[in-house]
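The values are calculated or read from the model by the stated rules, or taken from the named source; none is laboratory data. Since the structure is predicted, the reported quantities are computational estimates derived from the model, not experimental observations. Here Cβ is always computed from backbone atoms with ideal geometry, including for glycine, and neighbour counts include all displayed protein chains.
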């Protein structure tokens, strides 16, 4: 019983991490709807946000099922405070401009896709099923963000400067995605989730080669900014949740 | 639980009253009449969304799989399927969602591809494995048949489509992306 309880608690946290990354990034990216610099990119970000919201439903639905207290995906998304959120700090960073938004998306997608590929082999069938579905969408997202990073990095002088500024600001947040804590180690030992150390090496190698293609340079020796996975967030998350959760807070239980 | 695949064998158990329990094949033929809410020229069966139809006790269980995990049409499709079956006199119907195997455009048959094209949507090119391997598929313009076409955006008006245009007839069109 002890083992089962421990597994469930860890898996609950893990499902929150995956789901919270998706919902917070979806909320950020969705804010471009109606404001992107070109209609095609407006549509692209809206579609990426939609995929991420769908993935949120799957991950937070699983979290609620594991927790077994009757909370569904909506309740987990709309009724938890910032300290209970488990997303990495990267996804809550502000949109700033199109360059920052794209760079944040690229740094996330470049981790998200290989992570989901690895999770397709999870010892937990529910995790593997979600990963199988989400991986195809994440691959499509990565194809787009890689393409745009290279085109804008290796673009005009202004686009290159903006992309470099975005990379300088956001690169310190990339490390958290592959920084394993005790929970990650526990899940890796149980073959439920991959070894983040090995994933991290491939992630950094991929970033290095793609950023080189984009003529961009990652900052050297930047300290890794982390804490989100344990619920210690930047000030930005509270504002995101205030916006996202307003309706359920003001009108508890409201449904469409 | 009694399971029968689409062209399944005779179900081996005492037959209930005919009106109360239609054959599985009959149910599939009803579902072939349920249009996709966004692309009504093809049915939910054409798109490969319906994975199985089973009797479980007195319940008719329709197993469906989402195209894209956030596609807003998914909920409408489940409602439409249940409503269609109830309209045919089966009261106890349940919709079950199944994620694996993940939906792929490879499940869209040749006839459905022709219907998409006639409707003005270029059907998916090649196999779904082309995602990632084939970033620039050659897509035929569904209006004039020209192969001189180009991608405008990797995304489109619904999650399943990308935006393209024809360099010959100059018309924009939707491409049902390989996935």
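Here are A:219, A:194: which of them is loosely packed, with under 15 Cβ neighbours inside 10 Å and closer than 21 Å to residue A:109 by Cβ? If you could, list the steps in order and put the result at the bottom.
Values: A:194 fails: loosely packed, with under 15 Cβ neighbours inside 10 Å.
Answer to the selection: A:219.
Is it the case that residue A:199 is buried (at least 18 other Cβ atoms within 10 Å of the Cβ), in a helix (DSSP H, G or I), more than 14 Å from chain B (Cβ to nearest Cβ) and in contact (Cβ under 8 Å) with a residue 40 or more places away in the chain?
Details: buried (at least 18 other Cβ atoms within 10 Å of the Cβ): yes; in a helix (DSSP H, G or I): yes; more than 14 Å from chain B (Cβ to nearest Cβ): yes; in contact (Cβ under 8 Å) with a residue 40 or more places away in the chain: yes.
It is true that residue A:199 is buried (at least 18 other Cβ atoms within 10 Å of the Cβ), in a helix (DSSP H, G or I), more than 14 Å from chain B (Cβ to nearest Cβ) and in contact (Cβ under 8 Å) with a residue 40 or more places away in the chain.
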Query raised in the report: Can you tell me which residue in region A:141-160 is nearest to the other protein chains (Cβ to nearest Cβ), limited to those that are in contact (Cβ under 8 Å) with a residue 40 or more places away in the chain and within 19 Å of the chain's Cα centre (by Cα)?
Result: A:144
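Would a scan of region B:9-22 turn up a residue that is within 11 Å of the chain's Cα centre (by Cα), surrounded by fewer than 19 Cβ atoms within 10 Å (Cβ to Cβ), assigned to a loop (DSSP other than H, G, I, E, B) and at pLDDT below 95? It would help to see each step written out before you state the result.
Within region B:9-22, the subset within 11 Å of the chain's Cα centre (by Cα) is none.
No - not one qualifying residue is present in region B:9-22.
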Query raised in the report: What is the one condition in (1) within 12 Å of chain B (Cβ to nearest Cβ); (2) without any contact (Cβ under 8 Å) to a residue 12 or more places away in the chain; (3) over 16 Å from residue B:70 (Cβ atoms) that residue A:71 does not satisfy?
Result: (1)
Query raised in the report: Got at least one residue in region B:119-126 being within 14 Å of chain A (Cβ to nearest Cβ), surrounded by 17 or more Cβ atoms within 10 Å (Cβ to Cβ), touching a strand residue (DSSP E or B) at 6+ places or on another chain (Cβ under 8 Å) and under 28 Å from residue A:45 (Cβ atoms)?
Result: yes
Report summary line: Note on region A:212-231: residues touching a helix residue (DSSP H, G or I) at 6+ places or on another chain (Cβ under 8 Å) and touching a residue at least 60 places away in the same chain (Cβ under 8 Å) are A:213, A:214, A:215, A:216, A:225, A:226, A:227, A:228, A:229, A:231
Query raised in the report: When the residues of region A:12-34 are filtered to those that are within 13 Å of chain B (Cβ to nearest Cβ) and outside any helix (DSSP H, G or I), which remaining residue is nearest to residue A:183 (Cα to Cα)?
Result: A:32
Report task. Determine if region A:101-109 includes at least one residue that is free of Cβ contacts under 8 Å to residues at least 40 places away in the same chain, under 24 Å from residue A:206 (Cα atoms) and in a helix (DSSP H, G or I). Result -> yes
Requested in this report: For region B:142-165, enumerate the residues that are more than 14 Å from chain A (Cβ to nearest Cβ) and either surrounded by fewer than 22 Cβ atoms within 10 Å (Cβ to Cβ) or touching a helix residue (DSSP H, G or I) at 6+ places or on another chain (Cβ under 6 Å) (or both).
Outcome: B:142, B:143, B:144, B:145, B:146, B:147, B:148
Query raised in the report: Which of the residues spanning region B:69-102 are away from chain A (no Cβ under 14 Å), farther than 18 Å from residue B:51 by Cβ and surrounded by 19 or more Cβ atoms within 10 Å (Cβ to Cβ)?
Result: B:90
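Quick one: in region B:49-70, of everything that is free of Cβ contacts under 8 Å to residues at least 40 places away in the same chain and outside any loop (DSSP other than H, G, I, E, B), which residue is nearest to the chain's Cα centre (by Cα)?
Checked region B:49-70; the qualifying residue nearest to the chain's Cα centre (by Cα) is B:50.
Matching residues to (1) within 14 Å of chain B (Cβ to nearest Cβ); (2) modelled with pLDDT under 95; (3) farther than 20 Å from residue A:32 by Cβ:
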position: A:59; (1), (2), (3): yes, no, yes
position: A:86; (1), (2), (3): no, no, yes
position: A:97; (1), (2), (3): no, no, no
position: A:107; (1), (2), (3): no, no, no
position: A:112; (1), (2), (3): yes, no, no
position: A:116; (1), (2), (3): yes, no, yes
position: A:120; (1), (2), (3): yes, no, yes
Query raised in the report: Taking residue A:44 and the conditions (1) in contact (Cβ under 8 Å) with a residue 40 or more places away in the chain; (2) surrounded by fewer than 24 Cβ atoms within 10 Å (Cβ to Cβ), which numbered condition does it fall short on, given that it satisfies the others?
Result: (2)
Report summary line: Here the residues within region A:179-196 that are touching a residue at least 24 places away in the same chain (Cβ under 8 Å) and over 18 Å from the mean Cα position of the chain (by Cα) are A:186, A:187, A:190, A:191, A:192
**Report entry** All positions within region A:122-140 that are crowded, with 24+ Cβ neighbours inside 10 Å and away from every other protein chain (no Cβ under 14 Å)
**Finding:** none
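Tell me which residues, restricted to region A:35-45, are in contact with a helix residue (DSSP H, G or I) (Cβ under 7 Å, 6 or more places away or on another chain) and more than 8 Å from chain B (Cβ to nearest Cβ).
The initial filter retains those residues of region A:35-45 that are in contact with a helix residue (DSSP H, G or I) (Cβ under 7 Å, 6 or more places away or on another chain), namely A:36-37, A:44-45.
Of everything in region A:35-45, those that are in contact with a helix residue (DSSP H, G or I) (Cβ under 7 Å, 6 or more places away or on another chain) and more than 8 Å from chain B (Cβ to nearest Cβ) turn out to be A:36, A:37, A:45.
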